[in-house]
1. Does residue B:326 qualify as being in contact (Cβ under 8 Å) with a residue 60 or more places away in the chain, in contact with a helix residue (DSSP H, G or I) (Cβ under 9 Å, 6 or more places away or on another chain), more than 10 Å from chain A (Cβ to nearest Cβ) and surrounded by 17 or more Cβ atoms within 10 Å (Cβ to Cβ)?
2. Does the stretch B:118-156 hold any residues that are on the phi < 0 side of the Ramachandran plot, at pLDDT 85 or above and over 19 Å from the mean Cα position of the chain (by Cα), and which are they?
3. Residue check: is residue B:311 farther than 27 Å from residue B:216 by Cα, part of a helix (DSSP H, G or I) and without any contact (Cβ under 8 Å) to a residue 40 or more places away in the chain?
4. Here is a list of conditions, (1) in contact (Cβ under 8 Å) with a residue 40 or more places away in the chain; (2) facing another protein chain (nearest Cβ under 10 Å); (3) surrounded by fewer than 22 Cβ atoms within 10 Å (Cβ to Cβ), and residue B:93 meets all of them except one; can you say which number that is?
5. Could you tell me whether the stretch A:295-310 includes any residue that is within 14 Å of another protein chain (Cβ to nearest Cβ) and modelled with pLDDT under 95?
6. Which condition from (1) more than 10 Å from every other protein chain (Cβ to nearest Cβ); (2) within 16 Å of DNA strand C (Cβ to nearest atom) is the one that residue B:106 breaks?
7. Of all residues in the stretch A:50-67, count the ones that are more than 7 Å from DNA strand C (Cβ to nearest atom), more than 8 Å from every other protein chain (Cβ to nearest Cβ) and without any contact (Cβ under 8 Å) to a residue 60 or more places away in the chain.
8. Take residue B:26 and decide whether it is in a helix (DSSP H, G or I), more than 10 Å from every other protein chain (Cβ to nearest Cβ), at pLDDT 90 or above and surrounded by 16 or more Cβ atoms within 10 Å (Cβ to Cβ).
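The values are calculated or read from the model by the stated rules, or taken from the named source; none is laboratory data. All values reported here derive from a predicted model rather than from experimental measurement. Every residue, glycine as well, gets a Cβ built from its backbone with ideal geometry; the counts of neighbours run over all protein chains shown.
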DNA sequence: ACATCGAATGTGAGCGGTCACATTACCTGG
DNA sequence: CCAGGTAATGTGACCGCTCACATTCGATGT
């Protein structure tokens, strides 16, 4: 009762009057088994309710067929979607993908140890803003792919949004609507992603012959409340911006809320654009214009890269760095700069 | 190079001049080792960079110290938050929690097999609307806990929101604001959770001496677009409702959007209340009044129950069914019924 | 000085598969 | 009718660890 007494391959063998090896052949689909024998073995398996014991198999094979996805948390839509895509792709390649979260550096180290050093997994997808420091926790040549963040070093593959281009697109969209005084709310500047997006913003401005005004740039945390705060800061300015590029949707939504609370009419008094296209983006007021990121595709590609790396086993195929394009989704939070705007021009 | 050549317990033993068993004792923190010997072993471990091989340990012990959490998907905030709580709690009990998703019945079966029958995990938390049919895929006495859904059968523990009460609270809140014609948007009626919430709604109405009007009940899918649709259906009525109880926030948000698109002034023309309190609930227009669910706590309790069950190993502690209370969070999407409302009374 | 006992350490057998190789069965050609 | 080759099957070791038990060690009491 308390001991389930596992049915083993040898139990099956005994019942089917064959050797344990033949049973092994059957469960692994080897061709070298006479149909008649195979049938007998299959009957025995059925009768005994035999289930292969994965752990023993891992042990003998020295492989687990398992990949892992590690993220700071699982609740963020961004991370979850990437994992979703990765899971799907891993399954297609007959790998099992497990996911776990580690919020801080310490937990991350422990998790990596649990996952990698202990031999539970053959490769890891790291979703992490501070991917590089984290990488240090891994054994030198262990298969790793970064997703949603680019590594500072070249020695590891990555898949992420083309951040620079996306930010340039967002800013250019605002520019094309006539805006000249464009504020930006960044993510934490320690993250490469924030740096890249800031760079894209600057490039777009430069291309339009505008100088960047540091006063128009406010730091955020990726979370909505920081967007709210940033709006208040930007609108405390003598000449406030007529449009804001928020580096992600959550912060953009914070701006929307703050602007409405301040009595602005949107989008006429202020255009707002975000990045991500979160599922509810169309349900805010006004519906959010944003740059859509294909999270699932990032996950899929990361998984594909990882599988290749795991199976290369040594003869490392060169590390790749894939950047996926963003798609501009125009809704109603961005509008042309009103012709008779009081402080529209002469901003620079 | 291609073969990393694992350092084993015996390599360490050789170097430390002890038996492999002594090394095993050291890495398992046994008391029965002389400090001096222990130090020697630890030095050897350090020098060789030995890492215990979890798979072999599982094999020998017959235990994996791993629990799993299975959800229809990982991207839904609801599921992800529960998993988050569960992961935290599992770690506290020295279990490793892995999560995986299975969207349909078939995948679910395969996943369960991969997880349970193969011996990868010792217990499973199932987050699933149709939990019961799914349960069928598991061996009879395997440790399982349902989270966020109640099982129809008694023979399995569960942790979930007190759905009936939550719905009653929501409806009562609307009632207390003077509303008498209250619409409801349900989740898929195949799910127990939707049924329970509908029941709570009916109870509240009954307690107020009101009859339920079937025309005021519209079915949804939990997703925002279905809320949008439902609004249109409800407002096609001769006497539309003055308030709507949506069984979750996403659908409530769909209603908000639809109402604004229809030119209603919120919350004066229509009060809307949801359930969940998703992170961005306060950022919609108007900020959504809702019943807050403590997802992480549900996850934590589920994990705790599961651990207890796994460790009981046979002498099954009675199955428990925990229902957690919801907390009413009043924001600005609900308001008193205007005194001079045209079709406020006489609804019944 | 020696039997006694608990603490420290060692020994070998599994756990349930797979692998490499040995063996047997069966068919074919000369 | 038998050598020769291939298909089908069997054998035993081994993966890296833990377990149950055996053995050795050292201090103690008389």
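1. yes
2. B:118, B:120, B:121, B:122, B:142
3. yes
4. That leaves (2) as the condition not met.
5. yes
6. Single failed check for residue B:106: (2).
7. Looking only at that region, the number is 4.
8. On the way: in a helix (DSSP H, G or I): yes; more than 10 Å from every other protein chain (Cβ to nearest Cβ): yes; at pLDDT 90 or above: yes; surrounded by 16 or more Cβ atoms within 10 Å (Cβ to Cβ): yes.
In short, yes.
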